[in-house]
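Below is one structure, written out as structure tokens; comments come after it.
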Amino acid sequence: MSRFALITCRTLVAAALLLGPGVRPGAAQSPGDALNADDGTGAVKVCSPVAMPRWRSMTPVPKTWTFLDCMGFSGEMGATHFQLGCLFANVTPHAQKYAWGAMVPIEKSAMAKAQPPVPNCGW
């Protein structure tokens, strides 16, 4: 299994655990609730560092993370770009259960290029 496939599998397993039956509005908080970006939709924020064209990572992050947190984290990981994303547990029938913003290069001028996903889960 390639490194990319292994990272992707681990990320999908973590997201599945976070979006499982424990995501309920008004439910008692559990340790995984810090990653739940929107109790109503069961949304999870995702930060995706990317080093084009070599690798990509996807990391569920706490709802308190901002665009700057994702950019800084991505830079620390050795990425050249990053994307803001959302994974949704509860959506209308036939709707997509994920959303991605545009890929943004990591640079000082990236502040003016924030690209939250649509629909947005709190980025």
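The values are calculated or read from the model by the stated rules, or taken from the named source; none is laboratory data. Please read all numbers here as calculations on a predicted model, not as lab measurements. As a convention, Cβ positions derive from the backbone with ideal geometry for all residues, glycine included, and neighbour counts pool all protein chains shown. Ligands, DNA and RNA are stripped out before the accessible areas are found, and what is left, the full protein with its side chains, is counted by its heavy atoms. Shrake-Rupley method; radii C 1.70, N 1.55, O 1.52, S 1.80 Å.
Residues that are part of a loop (DSSP other than H, G, I, E, B), crowded, with 19+ Cβ neighbours inside 10 Å and not hydrophobic (A, V, I, L, M, F, W, C) are absent from region 70-81 altogether. Within region 91-102, the set of residues being in a loop (DSSP other than H, G, I, E, B) and surrounded by 16 or more Cβ atoms within 10 Å (Cβ to Cβ) comprises just one member, GLY101. Only residues that are farther than 11 Å from MET103 by Cβ, open to solvent by 30 Å² or more (accessible area, probe 1.4 Å) and part of a strand (DSSP E or B) were counted in region 46-63, giving 2.
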